[in-house]
Structures are given as structure tokens and as C-alpha cells.
Amino acid sequence: MNNTPKEYYESKYWIKNDKNVLVSFKVNERGACKTLSKKTFGIITAWNPLNKKTSKEKNEKANNILESKLMELGLEYYKTKCGNSKHFEESFTVENVEKNIIVALGTLFKQKAIVYSTPKKTEIVKCL
């Protein structure tokens, strides 16, 4: 787990399965979600840059800018949420994205890390 905050591993993340239904998974419980072995995707948010609590209004504005960037890049994405019982963040699941692109977006939006998954591996990737 290196020095990645444990919340990243305790959080639930969401992806659409082959029936277009959102299913949840935890990074460290990969085997519990069959959809993970079929897709390549990243999960990103612009909420709480540098892991600093930010107002809902500022978070929503930052996420709107991130969504514009996803559209500008022509990426296939949909809105999701990630988090645990104490805290959640509005996010985007971006399908068929290259790792370097989603990490660059994470860096641009001052995120400590993003989730990246291929059919073989799901990981939390540091951005800053």
C-alpha cells in the first residue's frame, strides 16, 4: 500500500458492466467484481485538490472543468461517485483510456492519485 492514504483502498468505486448497470468494487477486492477482468478504465475526480477539504461549490466547479477537458479530449466517460460511509466524491469513470492520459489529468487537477484498471490489474496510481 506504500504511503497512499488507506481511504483509497477502503473506498468503493463504480463501473458499468456489460449490461450498462453500475457495479461497485474496492481496489483491494478485485476478484469480487467480474467486470474488472473485461475493461480498461480510469477513475478520476477534481474534488479536494491536494487532499485538502474544499467547499462543495468549488469542487463542483472543478469537476465541471474536468468534464469539459474529458469532452475536449474525446474520451468515453460517465459520472460516478467514489468513497466510503464517511465521505464521497463525485467522479468520472473513463473507459478505454491510456494510463498516461488519466495520470496527466490527475496531475493537472492536483489529485494525489487516480484509479487505473486493465483486465489484469487494478491499482491506485500516484499523480503528485
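Points worth noting:
- CD proxy at 222 nm, helix term only [per DSSP H run n ≥ 4: -39500 (n - 2.57); per residue of the chain; nearest 500]: -7500 deg cm²/dmol
- Fewest-first sequence of F25, F88 by Cβ atoms within 10 Å of each Cβ: F88, F25
- Low-density loop cleavage sites - trypsin sites (Lys or Arg not before Pro) in the range 55-110, where at most 16 other Cβ are within 10 Å (DSSP): K86, K110
- Computing Cα extents along the principal axes in Å for the structure here picks out one of [x] 57, 35, 25; [y] 48, 38, 25; [z] 35, 32, 25, namely [z].
Every number here is computed from the coordinates shown, using simple stated rules; none is lab data. As the structure is a computational prediction, the values presented were derived from the model and not from experiment. Positions of Cβ are generated from backbone atoms using ideal geometry, with glycine treated the same way; all protein chains shown enter the neighbour counts.
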